[in-house]
Amino acid sequence: MGDAMKTETREQKLIEIFQTEKVLGLGIVKEIIGTTSRMTGFRQIKALGYYSSYSHSGKYYTLGSIPEFDRNGLWRYGGVHFSKHGNLMETIPVLVKRSEAGYFASELEESLHVFVHNAVGKLFRLGRLLREQIGDQYLYLAPGLAESQFLARKKILTQGAPESVAITDSDGQEITEHLKTFLSVLNEKQRRLYLGLESIRLGHGGDVRMASVARVNVKTISRGRRELLSKEIDFDRIRRKGAGRPVLKKTKS
């Protein structure tokens with residue numbers, strides 16, 4: 001079998017495995033085409049047309065024909081995330097530009113499912129994003145749209161309490177006080193999980209809206225939401241040490 005035939009056979013095998021597995025690392029690609037060279041493996045997937053993941057430090061690949069991107073141009077498979085816009089530094093500015101009211105970092109993390117603080121900080125320093133501080137966090141805005149996005153966000157934040165069954169009431173101030181009282185009897189973890197649950201119920205932007213109502217740091221709510229979604233909760237430590245009914249001391253009769 002000639003070299004050209006061998007190359008064609010290996011290429012076809014690589015395509016078939018991509019179609020089955022959807023996502024491959026470069027190490028597997030090299031094994032399939034029979035090379036130990038990273039550059040050779042990369043040239044092969046480049047010739048086929050590919051996307052690299054914006055998660056996992058870009059070490060996973062898929063063929064251009066495989067992803068079914070959502071309306072934001074995002075696609076996830078087996079916990080690996082891809083964007084039709086490119087890597088994280090290319091994807092974030094596109095999402096921010098398309099947004100009506102900009103994005104808080106926590107909202108970007110909800111959409112992208114990766115840590116974004118380093119990326120948005122760098123994009124701001126490069127002038128590719130603008131930002132305005134609201135409370136204890138930054139709202140990231142698109143150059144040229146920053147003013148309208150900021151005004152739209154302020155309107156959203158001043159519309160009042162979120163419409164959640166657990167905290168909706170005809171008197172917003174009164175229900176906010178009830179919520180504060182309820183939260184005061186919970187320990188730190190219980191508060192975090194409850195507010196995380198309400199954020200999940202609200203959907204996109206829930207972290208920010210619950211932070212505004214409960215007057216807590218948005219990172220606290222984001223952490224509670226992530227814990228609930230991952231189901232990685234230490235139930236043995238939900239209650240404070242020493243909480244509950246105190247042990248009765250025996251008295252001498």
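With the highest mean first, a sort of the peptides 120-130, 219-229 on other beta-carbon atoms found within 10 angstrom per residue produces 219-229, 120-130. Once you have a ≥ b ≥ c as the square roots of the Cα gyration tensor eigenvalues for region 42-145, tell me rounded if a/c is under 1.5, and otherwise prolate or oblate according to whether a/b is larger than b/c. Taking the square roots of the gyration eigenvalues as a ≥ b ≥ c, region 42-145 is prolate.
Shape verdict for region 89-145, please, from the Cα gyration tensor: rounded (a/c under 1.5), prolate (a/b greater than b/c) or oblate. In terms of gyration-tensor shape, rounded. Here region 107-156 is treated with +1 on each Lys and Arg Cβ and -1 on each Asp and Glu Cβ, and its dipole about the Cα centre works out to around 200 debye.
Taking a ≥ b ≥ c as the square roots of the eigenvalues of the Cα gyration tensor of region 17-83, is the shape rounded (a/c under 1.5), prolate (a/b larger than b/c) or oblate? Because a/c hits 1.5 or more and a/b exceeds b/c, region 17-83 counts as prolate.
Every read-out reported here was derived from the displayed coordinates using simple, explicitly stated rules and does not represent laboratory data. Please read all numbers here as calculations on a predicted model, not as lab measurements. Cβ atoms come from the backbone with ideal geometry, glycine included; neighbour counts cover every protein chain shown.
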